[in-house]
Amino acid sequence: MLADLRLLGGELICHDQVTTLSTADQGVSVTLASGNCWHGDQLVLATGRWSAELLAQCGLELAMTDANRADPAACSFLAHTQPLPVQLNCNIITPELNVRPDGGGRLMLQALDLDQHADPARPVAVDGMIGNELLRRLRRLFANSDNARIERIELGQRSRPADGLPAIGYVSGLAGIYLMVSHSGMTLAPLLGKLVAEEMMSGARPAMLADFAPDRLVRPLSDRRNVAAPAYLPAAQ
C-alpha cells in the first residue's frame, strides 16, 4: 500500500505532531510541530483519543470517554510476560484472563475485572498486586507456566466515544473534515477504511455507516454553560 501511495505521488510523514487544525471555504489546513503545513480539500481525522483536542480547535466539543482519568471503561492493564514455553497463535478470552501472543514467546495478559484499579496517574509494579494476580491466573490456565514472570505492565488508554459506538462521517459545519474514531479501531480498520474511502470518493453514504454519524456526539463549544453535561447512553456490553 505504501508503494502504491508513492507511485501515485503521495507522501508519508511520520513522527511530526499536528499542532493546529483549521477549515475555510478553500479547504482544510494542518500545521505540524516541525513548522511544515499541509492544505487539502478533505482531511480524515483518525487520531483516536486525541480527536477531541483537535476538533476543539475548530470550535467543537466531541464527547469522548476521558482516558486520562481512572475509569475502567477507558483504561486497562496490559501485562507482557517474559518468553515462555507456551505455543499460542491466537487470542484466548476466558472469564478471568485474556491472553494473546506478543512475539518471541511472550504473552500479553489482560483481566478486565482488575481494571477498576487502573489509573494513568498511578503506575503499578510488575511484582505488585496486579502483576501477582495476573500470574496466578496465567498459571491456572497454562501448563509449563509455573516459572512465568511479568516483564512490564502498561496502562492501555482507549479511544472510546462517549456512547461506546464508532463516530464515522463528515462533521457538520466543518467542510472537508471526515472523522473516524472508534473503540477497537485496529479490529475495525480494514472494513472502515474501505467504507470511508467509498463514501469520500463517491459522495454516497454506505448503509453500514448509517447509524454512526458523529453529529450525535458533537456540539459547539459555545454551547457549554453551567448546565449538566448531556447524557450519553452506554453501549451494550
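If you line up the long axis of helix 185-202 against the longest principal axis of the chain, both from Cα atoms, how many degrees apart are they, to the nearest 10?
20 degrees
Pop the C-beta distance of CYS37 and CYS14 into the FRET formula with R0 = 22 Å and round what comes out to the nearest 0.05.
Calculated value: 0.85.
Quick one: ranking PHE77, PHE212, PHE142 by accessible area, 1.4 Å probe, largest first, what do you get?
Ranked list, largest accessible area first: PHE212, PHE142, PHE77.
Please calculate how many Å² of accessible area the chain carries per residue, with a 1.4 Å probe and no DNA, RNA or ligand atoms counted.
61 Å²
Would you mind pulling out the separation of the Cα centroids of region 126-205 and region 69-111, in Å?
Between the Cα centre of region 126-205 and that of region 69-111, the gap is 14 Å.
Expressed as a rounded percentage, what relative contact order does region 1-130 have, with Cα pairs under 8 Å and six or more residues apart?
Taking the mean separation of contacting Cα pairs over the length of region 1-130, I get 16 percent.
If you bin the C-alpha pair distances of region 48-117 every 10 Å from 0, what whole percents do you get?
Once binned at 10 Å, the Cα pair distances of region 48-117 give 18, 33, 26, 18, 5, 0.
May I ask you to give the percent of accessible area on region 44-119 that is carbon plus sulfur, with a probe radius of 1.4 Å?
50 percent
Loop sites only, by DSSP: take the trypsin sites (Lys or Arg not before Pro) in the chain that have at most 13 other C-beta atoms within 10 Å and name the longest stretch containing none of them.
So the longest stretch without any such site is 70-148.
The values are calculated or read from the model by the stated rules, or taken from the named source; none is laboratory data. No experiment lies behind these values; they were computed from the predicted model shown. Quick reminder, even Gly has a Cβ in these numbers, built from the backbone with ideal geometry, and neighbours come from all protein chains shown. These accessible areas exclude ligands, DNA and RNA; they are computed on the full protein's heavy atoms, side chains included. Shrake-Rupley method; radii C 1.70, N 1.55, O 1.52, S 1.80 Å.
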